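J.: Sharing a structure below in structure tokens format, with a few things to ask.
The values are calculated or read from the model by the stated rules, or taken from the named source; none is laboratory data. Here the structure is a predicted model, which means the values were calculated and not measured. Heads up, the Cβs are rebuilt from the backbone with ideal geometry, glycines too, and the neighbour counts pull from every protein chain shown.
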Amino acid sequence: MASTLSNGFVKPATGDKGPVVFPALEGNIQKVNDHTHNGTNSELLSSVNIQKGTLTVSSTSWNSDATSGIYKKTVTCPSTYLTTTSNMKVTFSGGTYDGDQCFPTIIKQSSNTFDIYSPVNNQAYIIYFT
């Protein structure tokens, strides 16, 4: 006799025939298709499984922003990160891996770009994506 597992998947038992196995298989495939790892319809993903990335922004090629009188640079996100993803987080350090966090103004420009604003035209950053 088939049994239902913790996330609603059906596990046919040895000897179950087509009328039990095929609806279970169809339902399991649909559950795999629809799951979101939200802890309800599937196991919640641990934060240790989240892919992290970095991007170095050089200290050169800053453009003067005539409106604000400060400098800006447009940054393109790595291909696995999009600004439209509500779960994407970015943090900045001042150009070295020393861990000193800084907080520049950023403004989204498209699904994969944003502008960074700086009071100086020679600031380097390391952007951490999570």
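J.: Looking at segment 6-32 only, could you name the residues that are over 33 Å from the mean Cα position of the chain (by Cα) and part of a helix (DSSP H, G or I)?
T.: The answer is G18, P19, V20, V21, F22, P23.
J.: Now, a different point. Criterion first (assigned to a loop (DSSP other than H, G, I, E, B) and over 18 Å from S118 (Cβ atoms)) does T67 satisfy it?
T.: When the stated conditions are applied, T67 does not pass them.
J.: Checking G99 against (1) touching a Ser or Thr at 6+ places or on another chain (Cβ under 9 Å); (2) farther than 30 Å from Q30 by Cβ; (3) assigned to a loop (DSSP other than H, G, I, E, B); (4) modelled with pLDDT of 80 or more, which test does it fail?
T.: G99 satisfies every listed condition except (4).
J.: Just one of A66, A13 is exposed (fewer than 12 other Cβ atoms within 10 Å of the Cβ) and modelled with pLDDT under 85; which is it?
T.: Only one candidate qualifies: A66.
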